[in-house]
Structures are given as structure tokens and as C-alpha cells.
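*Asks:* Just passing along the structure, written as C-alpha cells.
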Amino acid sequence: MVVHISWTKNEFIFLQFCKMKRRVGIHIGFWVLYLLLSSYITADLGNSSYSEYSWAHRLSIAIAEKIGLVVIQAAIFYWLFYSCLPRIREVNFFLIVEIIVGVCISVFAYRIWIGYCVYPWVYDENYKGNLFSLSLLFLSFLNIYSFVGIAGAIKLLRIRQQQKSNEQRLVKEKLESELHFLRAQINPHFFFNTLNNIYGLARKNSEHTAEVVMRLSKLMRFILYECNSECIPISKEIKVIENYIELEKIRYDHRLTLNFTKSIDDMDQAIAPLLFLPFVENSFKHGASSMRFETQIDIDISLTKKLLEFTIENKKDGNIVRNPNGLGMQNVKRQLELIYPNAYRLDIDDKANSFKVNLKIDLN
């Protein structure tokens, strides 16, 4: 076991090393390519001061000049974006002074490189003009920070894209967690009552015991496994409703009249799981269970050209007031808002002796 853990750590370290090596290689390749490209452009465009030299000699001069420039630009870039940028949220006097001093040092360093390295090598004599005149300092500043600004903008864009991607991932994970939680809210009393019914059937040695156990098993399997998928075929949702209804019928025997009609033009149409089951569950919980004698539930599901309509109506005791904004209904509404924003319409009609829900979804 210890050897396995040690090997895992080594693999992790090796993986991080490979990533860092690849990243360093990309950065080095970028700066080398920039050096060669900018040198080529400088040599190809020519310079009045170097017009008497051959193209190859002009290229070597350009490379010598750009080496100093690229080294300074790279140093400034990594200092700004890997040292200063992480501290930008804590802007203070010392950070501002550090940036100003760093900018000044970079400009003067570039002027020193040009005056004391490049110029003597090209003309074989020391620079005689004012190496640090205001105009030359400003020109050097533009040479350095024009490209640093472009590279910095690309870097900031990448950071922003990564942040946006992370934000979207976090939002998606949060919504998925919320959906899993909401889908887990199926009434646990249903399972409790069903197990009691199974126990009663088993004691009576009823021939329906095995069938009830099988239906309950299928329903639990659907809730535990199928609901983890983002979408399922509508045929599976209908099947789980049928299993649920058959289990509930055990409690009501012949006093329950249930009409379930379906008009589906595409049984493979993908929909969110547990879309209808909470409504059916509420109809039994707040409708059928509240009736002392005969009770009735009517369910209709239609799908035509991706226009889905679900209607359920149950009889209820007129003395019972049902809260359309109860926890179960709030969970259903929240799921619809998360999965089908601006694509659904939910109408609830609460009358004295009936409760009706009509849900329409544009799956397009």
C-alpha cells in the first residue's frame, strides 16, 4: 500500500513537471519566434542608417538590437503579469512606486543596450549624441511597451476566458447539485406505504406480491440511476408513472378510478427526468388520500411536433385547502425554471372539489 501511494505521488510530480516543461517550451518558442519575425521585418524594411550594408548584415544588426529589446520586454512582461498583477487587488503606494521604478529601469536599460552595445558594434565607435534625451526615452518606451501591451492584452483575455469558464463550470455544478437535490424530494412516505402494502400482501400470500416488489424495484432503480442523466426518452418517464400508479392502486382497491391517456408522436423524444412524477405524486397525496370514498384522477400526456402538454386533475374533499405554493410544487417550478427557462407554461386551477394542473413545454 505504501509503495502504491509513493508511486502515485511520483506520477503526479512527473505529470506536473511535464506540464511545466511544456508551458516553458511554449513561452520560449513564442519569444524566439517574435525575435526572428521582428528582426526579419526590421532588416527587410531597411534603415537609412544601414542602407549601405547587405541584407544579411542588416539582419544581424536587427537581431542584435532586438535581442536586448526582447529580453527587456520578456522580463517586464513576466514581472508585471506574474508579480504585480496578482497584487493588483491590494494597490498601495509601494506597488505603484515599484511599477514606476521598473518602467524607468527598463527604458534606461534599453537605451544603455543600444548606446553601449549595438551602436559600437555597428559603427565601431562610441555613441556621441545624447543617449538619454527625452525623445529617445519616449521612443524606447513605445518600443518596449507597445508589444508588452499587446502581449498583456492577450494574457488578460486568456485569464478572463479561464475565469468565465470556471464560473460557468461552477454555475453548472451548482445547478446540477440543485437539480439532484430537487429530484431526490420524491415523497419518502410513498416508499413507506408501499413497503407496508408489500408486507400485508406477503402475510396474505398474495399472488401480486412479486409483481409489486418488481414495480417498486424498477421505480427505485429509475430514481437512483436514470435521474442522473440530463435527459431521458419520454417513454421511460411514462413507464415510471405507470409503475407508480400501479403501486398506488394497491392502497385504494376499487374506490380509485384512474384515466391515463397518451398521445405521443415520438416516444424517443428526450425530456428531463422526473418531470411529471411529482404532479402525479401530489395528486395521490393531496387528492386520493384525502377522499374517504370513491376518488378519481385523470392524466393526459400529449406530444405533437415537440410541443409537450401534461394535464392532471384529481377530485378532492371540498373541506381541504391545498397550497399551490407548497414545498413540492415549489420544487417542481424550480426544476422547470432551471431546465426549461422561458419555454414552459404552468397553470394551476384549484377548485372546491378538484385540483387541476396543466403544463405546456416547447421542447424546440
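*Asks:* Quick one: Phe77 ticks every box in (1) in contact (Cβ under 8 Å) with a residue 60 or more places away in the chain; (2) hydrophobic (A, V, I, L, M, F, W, C); (3) farther than 16 Å from Trp31 by Cβ except a single one, so which number is it?
*Replies:* (3)
*Asks:* Over 25 Å from Leu156 (Cα atoms), modelled with pLDDT under 80 and assigned to a loop (DSSP other than H, G, I, E, B) - does that describe any residue in the range 116-124?
*Replies:* Within the range 116-124, one or more residues are over 25 Å from Leu156 (Cα atoms), modelled with pLDDT under 80 and assigned to a loop (DSSP other than H, G, I, E, B).
*Asks:* Here is a further query. Would you mind finding the one in Ile114, Ile150 that is under 52 Å from the mean Cα position of the chain (by Cα), surrounded by 12 or more Cβ atoms within 10 Å (Cβ to Cβ) and assigned by TED's automatic domain parsing to the domain that holds Leu37?
*Replies:* After applying the criteria, what remains is Ile114.
*Asks:* Out of Val103, Val118, report the one residue that is closer than 25 Å to Leu80 by Cα and of a type in the set (A, V, I, L, M).
*Replies:* That would be Val103, the only listed residue that is closer than 25 Å to Leu80 by Cα and of a type in the set (A, V, I, L, M).
*Asks:* Looking only at the range 105-140, count every residue that is within 21 Å of Ala75 (Cβ to Cβ) and either in contact (Cβ under 8 Å) with a residue 24 or more places away in the chain or small (Gly, Ala, Ser) (or both) and tell me the total. Working first, answer last.
*Replies:* First, pick out the residues of the range 105-140 that are within 21 Å of Ala75 (Cβ to Cβ): 105-118, 131-132, 136-140.
Narrowing further to those that are either in contact (Cβ under 8 Å) with a residue 24 or more places away in the chain or small (Gly, Ala, Ser) (or both): 106-111, 113-115, 117-118, 132, 136-137, 140.
Adding up the residues that qualify gives 15.
*Asks:* So which residues in the range 181-236 are under 11 Å from Leu274 (Cα atoms), modelled with pLDDT of 80 or more and not hydrophobic (A, V, I, L, M, F, W, C), if there are any at all?
*Replies:* Answer for the range 181-236, where residues must be under 11 Å from Leu274 (Cα atoms), modelled with pLDDT of 80 or more and not hydrophobic (A, V, I, L, M, F, W, C): just Lys236.
*Asks:* Next question. Which condition number in (1) closer than 19 Å to Ile28 by Cα; (2) in contact with a helix residue (DSSP H, G or I) (Cβ under 8 Å, 6 or more places away or on another chain); (3) modelled with pLDDT under 85 is the one that Ile150 fails?
*Replies:* The one condition Ile150 does not meet is (2).
*Asks:* Considering only the range 337-354, state which residues are under 16 Å from Val280 (Cα atoms) and either at pLDDT below 85 or in contact with a Pro (Cβ under 6 Å, 6 or more places away or on another chain) (or both).
*Replies:* Step one: list which residues in the range 337-354 are under 16 Å from Val280 (Cα atoms), which gives 346-350, 354.
Hits for the range 337-354 are Ile348, Asp350, Ser354.
*Asks:* Given the structure, is Leu85 at pLDDT below 85, buried (at least 16 other Cβ atoms within 10 Å of the Cβ) and either assigned to a helix (DSSP H, G or I) or basic (Lys, Arg) (or both)?
*Replies:* no
The values are calculated or read from the model by the stated rules, or taken from the named source; none is laboratory data. The structure presented is a predicted model; accordingly, all values stated were derived computationally and were not measured. Every residue, glycine among them, receives a Cβ derived from its backbone with ideal geometry; neighbour counts consider all protein chains shown.
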